[in-house]
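Just below is one structure, and these are the notes that go with it.
Quick note: the coordinates plus some simple rules give every number you see, no bench work behind them. Given the structure is predicted, the values throughout are model-derived calculations rather than measurements. Glycine gets a Cβ as well: all are built from the backbone with ideal geometry, and neighbour counts include every protein chain shown.
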Amino acid sequence: MATNERSVALTAPREPAQASITGSAPWRGAIGLAVLALGGFGFLYSLAGVGLGQALFPASAQGNLIEQGGKVVGSEWVAQPFADARYFSPRPSAVDWQPMSAGGSNQARTNPQMRERVEAARAEVAKRENVDPAQVPSDLVTQSGGGFDPHISLEAARIQVPRVAQARGLDPAVVQRLIDGTAEGAQFGILGQPRVNVLALNLALDRSAGAR
């Protein structure tokens, strides 16, 4: 009897050992996937995008910087303030024209503070340009979504002609011709409205003064 029990014990199948959940094997796949995602999409993808941008659109990739006399004077895409009466003024900025702080005021049209700010800006522009407040174009008193729109409308440029011409001792017709010469049409012929880049216009003014 004892022999039979021993035989049964020797021949009974053993249950398969369960895999330990505390081992490192389950984590290898997750770690490998994380490394692949960070290295491939976080580094290589970004590096490829930068490289293609530099190769295909070098000027745009550098911010369309404008140089004069070997020095960078600004960007074609970023507005900057011009306080001197001899220059055209850009749109107001909610971030003081700081590219690293791009943004608008996030105030709705119904916001009383926005209405007060717009009316105060309208009165200031009207006084500066010596015109009636009702004549002030809206883009000279409203802020763009990014805070550094480099363009103004042709109406906003024309209303500044008398001041700029007087400050520079120029015939207003000369200043107007510079506006016409730097004006840009609607993008692709259908998007937006005709406009003028403020920095490009002011540089054209300086070149015109230097040529006289």
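Taking R0 as 35 Å, what's the FRET efficiency between Arg177 and Glu124 from their Cβ-Cβ distance, rounded to 0.05? After rounding to 0.05, the efficiency reads 0.80. Note on Ala34 and Leu47: the model spin-label points, each 7 Å out from Cα along the C-beta direction, lie 2.2 nm apart. Eigen-decomposition of the gyration tensor built on the alpha-carbon atoms of the range 37-166 gives equivalent ellipsoid semi-axes of 36, 21, 10 angstrom, largest listed first. Close amide H contacts of Gly74 (hydrogens built in the peptide plane, cut-off under 5 Å, sequence separation of 5 or more or a different chain): Ile66.
So, counting K/R as plus one and D/E as minus one, what does the shell of residues with Cβ under 14 Å around Leu65 add up to?
Overall, the nearby charge balance is -1.
Were the residues from Met114 through Glu76 laid out at 0.36 nm apart, the gain over their Cα-Cα distance would be 10.8 nm. From the alpha carbon centroid of the range 137-212 to that of the range 60-97 is 13 Å. Packing order of peptides 35-45, 114-124, 149-159, highest average first: 149-159, 114-124, 35-45 (average count of other Cβ atoms within 10 Å over each peptide's residues).
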